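Note sheet for the following structure.
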Amino acid sequence: MDAFSFWVAGVMVYVAVAVLVLGLAWRLYQWRRLAASPMRLGIFPKPRGGAKALRIVADTLVFPQAAEVNAPLWLAVFLFHLALLGVFVGHLRLLGRFPEFLEVKMSESAHLAGGTMGIVLVVTLFYFLIRRFKSPSKELSVPEDYLLLILLLGVVVMGDHLRLFAEIPFSAYRQYVASLLALRPEFGPEIAASPYKTALVVHVLLANLLFIYLPFSKLVHFIGAFLTNGIRRS
Amino acid sequence: MKGELKEWQEKLLGVMKGRRNRQLLYYLELCTRCGLCKDACHIYRATGRVEFVPSHRAEILRRLYRRYFSPLGRLIPSLYEARELDERALEDLYEAAYTCTGCRRCMVYCPFGIDITWLLGVEKAMLVAAGKVPEELAMLTDAAIEKGNSIDLYRDLLQEQIKGLEPELRERTGMPGASIPIGRKGARVLYVALAGAHSILPAAIIFNLAGEDWTLSMFESSNYGYFLGDTEKAARVAERIVSEAKALGVEEVVITECGHAYRVMKHLDEVWSKQKFPFRVSSIFEPFARYLKEGRIKVDPDRIAERVTYHDPCQLGRNGGIFEEPRAIIRAIARDFREMNPNREKNWCCGGGGGLVAQPDLEEFRAVTGRLKAEQIAATGAKIVATPCENCRLQLDLLNQRYHLGIQVSAVTDLLVQAAVVEKGQKKAAALG
Ligand code: HEM
Ligand code: SF4
Ligand code: SF4
């Protein structure tokens with residue numbers, strides 16, 4: 001590994017993951033150490049028992065009400081998150097092999113599925129970004145909103161770039177992640193010799209920055225959404 | 001940084017800090033500023049003005065929070081457009097907090113269920129501390145508290161007024177013994193009306209016809225302290241009724257047709273005043289629907305021929321939990337009942353809530369922002385709009401004029417009285433008014 005790769009795709013990854021995990025824990029602690037409101041804030045009617053749990057999950061994962069008032073935005077948000085989930089699961093393959101039949105299916109469909117989700121992410125992120133230059137979203141937005149979208153676009157564009165153009169075999173990426181896990185970050189010969197090595201390092205760099213900022217940004221809504229949606233139904 | 005703060009700023013930030021709890025932090029930190037809530041708010045939809053986007057109303061508080069409380073906001077204020085607590089911010093807070101009807105429709109549609117009114121409650125508390133509040137609301141609140149302090153003065157006035165109503169009550173019920181008892185110890189029900197005969201007589205007719213063991217409260221149920229956002233005063237206003245109910249030893253406190261009064265007594269005041277009521281609180285429709293079901297009052301299902309629709313007051317419906325009882329009553333007395341679309345927790349706010357009706361200089365604003373409601377009513381083709389909230393009724397009357405709806409706005413109890421069949425002497429109660 002050259003020095004730049006070593007620092008960015010090696011050392012910085014550890015730092016980023018540590019900040020992500022500790023930061024999220026700190027955020028959760030910040031919330032939970034405060035007393036809950038003594039007022040019941042939910043709206044009526046209030047579902048009970050199983051119906052309530054179901055409702056909270058549906059509210060959080062699908063937020064169907066939003067589709068009623070703004071279908072295009074709802075669709076974009078929904079597709080974006082679906083693709084995000086897909087990409088996340090896809091990245092899990094880097095950590096190790098899935099059960100055999102899944103592994104086969106996933107590697108068969110990786111190019112198409114990964115490519116599609118990557119495109120969905122770019123398109124929806126662009127839409128989110130452009131939207132924020134138009135009133136009333138413009139007045140509503142603060143620099144954090146643009147910064148996050150641009151950062152995400154960076155990660156996703158570089159990811160797509162690798163997915164669609166780089167001819168690096170998947171096993172080489174796996175080898176790299178395994179070396180990270182073994183605390184001896186190393187690029188194998190396929191990556192080291194590839195003209196796409198820099199693209200990979202930039203992808204990892206931007207992802208690191210995202211991980212570092214995420215716990216302190218509004219993106220913690222991925223945890224908070226379940227909590228606030230719970231309050232609405234109680 | 002603390003050293004530079006003026007005394008009034010310290011005080012207001014102290015209020016904000018005192019209001020901090022888990023929910024507030026979620027609501028401050030999780031909003032993605034997606035703007036979905038704007039499409040759910042009748043005020044934004046009718047005006048298209050950015051400052052009326054629900055999350056924008058709360059964004060002022062959020063930016064103050066970033067400036068003074070959140071670590072990253074203090075480090076990099078520009079990331080959040082964090083802002084100073086200055087005169088300008090107070091103006092913006094005022095504009096945001098006191099032009100919202102508190103309907104919480106935005107909360108139904110936000111993907112995170114963020115309660116904008118909870119954030120506006122903090123804004124209002126800060127404005128209360130700054131003494132920057134709508135004059136009318138403050139005056140009405142203080143008058144109500146004053147009434148609680150000098151109740152002996154009012155008792156005679158009320159007695160006098162009641163005396164004047166009883167002859168009509170006897171005639172309408174055909175019951176020579178019908179009465180409106182005040183402050184009767186040991187009664188089962190304490191009925192809390194609004195100021196004015198229109199809120200007392202119709203309910204008295206039904207209570208007498210049903211043979212209820214009831215008494216009338218000396219106090220009106222409305223609570224302007226709640227609209228003001230001054231929870232301390234609001235609790236004092238409510239406490240008048242609570243101590244009256246305790247002194248009389250009633251089982252059930254029945255709140256008249258009034259949205260916010262029901263919500264205050266049913267869901268808010270026990271928390272504000274840190275006590276557990278020794279009585280249950282119900283909306284007037286709960287006993288009335290019960291009387292109908294048990295056959296304690298008889299109604300003529302054909303009495304009301306015109307099409308009726310029902311407007312769910314926000315504080316009674318999505319914020320209070322009363323949806324079905326009033327509908328059961330209307331279905332029993334009106335042949336042609338048509339729901340609004342959408343209805344129940346998704347019903348459009350009429351634009352009169354939040355104490356807006358009590359502020360004359362907001363009349364034009366209310367007329368404009370009631371547009372969606374007016375369209376919704378027109379689409380039902382109903383001639384009668386029944387709704388159990390005085391603020392809603394005043395607002396709907398305004399919309400009726402401005403949008404030429406040609407409707408009659410009515411309290412549900414008035415319709416019930418109109419359809420009630422008087423058993424004794426087989427004399428039918430005549431319509432009100
Ligand atoms: C790993 C989990 C998640 C991540 C990383 C994530 C990330 C993001 C990102 C990057 C945005 C775009 C922000 C923008 O437009 O400026 C966003 C928006 C949003 N997310 Fe999530 N999200 C996650 C989970 C969730 C969940 C569980 C919900 C459930 C309610 C949710 C609801 C939303 C909504 C409603 C938006 C608004 C879209 C907008 O801002 O235009 N997200 N999320
Ligand atoms: S819908 Fe909810 S998350 Fe979106 S801007 Fe409004 S309050 Fe914020
Ligand atoms: S509570 Fe009602 S009036 Fe206030 S911002 Fe929300 S939708 Fe608009």
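Throughout, read-outs are computed from the coordinates displayed, never taken from laboratory work. Bear in mind the structure is a predicted one, so any value in this text is a computation, not a measurement. Positions of Cβ are generated from backbone atoms using ideal geometry, with glycine treated the same way; all protein chains shown enter the neighbour counts.
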Review point. What is the spin-label model distance, in nm, from residue B:300 to residue A:91 if the labels are put 7 Å beyond Cα along the C-beta direction?
Key: 7.3 nm
Check your understanding: Any idea what % of Cα-Cα pairs in chain A are farther than 31 Å?
Key -> 33 percent
Exercise for review: Give, rounded to the nearest 20 debye, the magnitude of the charge dipole that chain A has about its Cα centre when Lys and Arg contribute +1 at Cβ and Asp and Glu contribute -1 at Cβ.
Suggested key: 1220 debye
Study note, to complete from the structure: Charge dipole of the range B:2-132 built from unit charges on the beta carbon (Lys, Arg +1; Asp, Glu -1), centred at mean Cα; most positive-end Cα among B:48, B:30, B:128 is B:30
Review point. Could you state the per residue volume, in Å³, of the convex hull enclosing the Cα atoms of the range B:152-294?
Key: 108 Å³
Point to revise | Mean shadow area of the range B:100-182 over all directions, Cα convex hull, nm² | key: 9.7 nm²
Study note, to complete from the structure: Rounded to the nearest 10 degrees, the helix A:71-92 long axis (Cα) sits at an angle to the longest Cα principal axis of chain A of 40 degrees
**Study point:** Using a Förster distance of 60 Å, the FRET efficiency for residue A:14-residue A:130 (Cβ separation, nearest 0.05)
**Key:** 0.95
Point to revise | Cα-derived Rg to Rh of the range A:96-149, Kirkwood definition | key: 1.29
Check your understanding: If the label point is 7 Å along Cα→Cβ of residue B:251, which residues in the range B:181-218 have backbone nitrogen under 12 Å from it?
Key -> B:187-190, B:212-214
**Study point:** Most positive-pole-ward Cα, B:199, B:94, B:119, against dipole of the range B:91-235 from beta carbon charges
**Key:** B:199
Review point. How far is helix A:100-109 tilted off the main Cα axis of chain A, in degrees rounded to 10, range 0 to 90?
Key: 90 degrees
Review point. Which whole-number percent is the relative contact order of chain A (Cα, under 8 Å, 6+ apart)?
Key: 40 percent
Point to revise | Simple label model, 7 Å out from Cα along Cβ direction - residue A:170 to residue B:11, nm | key: 6.7 nm
Practice item. State the Cα centre-to-centre distance between the range A:32-58 and the range B:272-324 in whole Å. Key: 24 Å
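Among all stretches of chain B without exposed GluC sites (Glu not before Pro) (DSSP loop, at most 16 other Cβ atoms within 10 Å), which one is longest?
Answer from the scan: B:85-250.
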Practice item. Mind listing the long-range amide H neighbours of residue B:298? Cut-off is under 5 Å, sequence gap 5 or more, other chains count too, H placed in the peptide plane at 1.01 Å from N. Key: B:421
Check your understanding: Shape call for the range B:2-132 from the C-alpha gyration tensor, a ≥ b ≥ c root eigenvalues: rounded (a/c under 1.5), prolate (a/b greater than b/c) or oblate?
Key -> prolate
Revision key, fill the gap. Taking trypsin sites (Lys or Arg not before Pro) as exposed when in a DSSP loop with at most 10 other Cβ atoms inside 10 Å, chain B has its longest clean stretch at B:7-184
Check your understanding: Using the Kyte-Doolittle scale, which helices in chain B average at least 1.0 and also have C-alpha atoms spread 24 Å or more along the helix axis, with helices defined as whole DSSP H runs?
Key -> none
**Study point:** Nearest-20 debye value, chain B charge dipole, Cβ charges on Lys, Arg, Asp, Glu
**Key:** 1140 debye
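Dividing the alpha-carbon radius of gyration of the protein assembly as shown by 2.2 N^0.38 Å (N being the number of residues), what value is obtained?
Numbers: Rg = 29.9 Å, N = 667, 2.2 N^0.38 = 26.0 Å.
Computed over Cα atoms of the protein assembly as shown, the ratio equals 1.15.
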Check your understanding: Under a 5 Å amide H to amide H cut-off, with H placed in plane at 1.01 Å, what residues pair with residue B:214 once short-range neighbours are removed?
Key -> B:188, B:189
**Study point:** Distance cut-off 41 Å, percentage of C-alpha pairs in chain B lying past it
**Key:** 19 percent
Review point. Can you tell which of B:347, B:149, B:223 shows the greatest fluctuation in a Gaussian network model of chain B with Cα springs below 10 Å?
Key: B:149
Review point. So what are the three principal axis dimensions of the range A:160-201 from its Cα atoms, in whole Å, longest to shortest?
Key: 28, 16, 15
Check your understanding: Over the protein assembly as shown, what is the percentage of antiparallel beta bridges among all DSSP beta bridges, to the nearest 5?
Key -> 10 percent
Revision key, fill the gap. For the protein assembly as shown, the dipole about the Cα centre with charges only on Cβ (Lys and Arg +1, Asp and Glu -1), to the nearest 20 debye, works out at 1240 debye
Point to revise | Mean separation of Cα contacts under 8 Å (6+ apart) over length of chain B, as relative contact order % | key: 15 percent
Check your understanding: Which value in nm describes the separation of the simple spin-label points at residue B:368 and residue A:71, placed 7 Å from the Cα toward the beta carbon?
Key -> 3.0 nm
Check your understanding: If you take the Cα Rg of the range B:276-433 and divide it by 2.2 N^0.38 Å, with N the number of residues, what do you get?
Key -> 1.08
Practice item. Partner chain Cβ atoms within 10 Å, averaged over the residues of A:218-227 - can you pull that number for me? Key: 4
